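Written out below as structure tokens is the structure these notes cover.
The values are calculated or read from the model by the stated rules, or taken from the named source; none is laboratory data. It should be emphasised that the depicted structure is a prediction, and the values quoted were computed from it without experimental measurement. Only protein heavy atoms, including side chains, enter the accessible area calculation; ligands, DNA and RNA are left aside. Shrake-Rupley method; radii C 1.70, N 1.55, O 1.52, S 1.80 Å.
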Amino acid sequence: MRKIQQYVKESIQELKKVTWPTWEELKGSTLVVMLFSVIMGCYIAGLDVGLSWVIDKIMGRG
């Protein structure tokens, strides 16, 4: 039980040292992540369509 209490106490002390992002920083980071996700989704979709087309040509289905 003592180790659990020490763990919780140390965790609280460490959390007090954390510098949390401001609301503006958080919004900016969220926007970057969303934009990156959309771009990567489009890239992967394009690869999927392109490679499907290549495979169809190789297999003689298109």
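For Leu47, indicate whether it is part of a helix (DSSP H, G or I) and under 24 Å from the mean Cα position of the chain (by Cα). Answer is yes for this residue.
Does Met34 fit the bill of being open to solvent by 90 Å² or more (accessible area, probe 1.4 Å) and modelled with pLDDT under 95?
Numbers: open to solvent by 90 Å² or more (accessible area, probe 1.4 Å): yes; modelled with pLDDT under 95: no.
When the stated conditions are applied, Met34 does not pass them.
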